[in-house]
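Notes to accompany the following structure.
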Amino acid sequence: MADVNRRLAAGFQGGQVLSLRITEEELTSLRDALREGRDRWHEANAIDGAVLIDLGQVVYLRVESDENRVGF
């Protein structure tokens, strides 16, 4: 089965927001890195390219539910 792509928004100190589409595996890796707090930088492999994230500046992650939406 193919890995599901998830849409997330990472909020940073200062108010910037980064929107990404990543696999469930990448989401788990990012969450683990934030929880552990050992490393400052984390490379997330997004669908359209890699992003290097300063974990010390992240204030929130918003992950879109995987429910299907109909309409607009």
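General remarks:
- Counted residues, segment 9-36 - those being in a strand (DSSP E or B) and either touching a helix residue (DSSP H, G or I) at 6+ places or on another chain (Cβ under 6 Å) or closer than 12 Å to residue 47 by Cα (or both): 6
- Lone qualifier among 11, 37 - being exposed (fewer than 13 other Cβ atoms within 10 Å of the Cβ) and within 21 Å of residue 57 (Cβ to Cβ): 37
- Contact map, segment 37-49: residues that are over 14 Å from residue 25 (Cα atoms) paired with residues that are acidic (Asp, Glu) and surrounded by 10 or more Cβ atoms within 10 Å (Cβ to Cβ), Cβ distance under 7 Å, separation 6+ or inter-chain. Pairs shown: 40/54; 41/54.
- Matching option when the condition is modelled with pLDDT of 95 or more and surrounded by fewer than 10 Cβ atoms within 10 Å (Cβ to Cβ), among 18, 52, 30, 61: 52
The values are calculated or read from the model by the stated rules, or taken from the named source; none is laboratory data. Quantities reported herein were computed from a predicted structural model and do not represent experimental measurements. Positions of Cβ are generated from backbone atoms using ideal geometry, with glycine treated the same way; all protein chains shown enter the neighbour counts.
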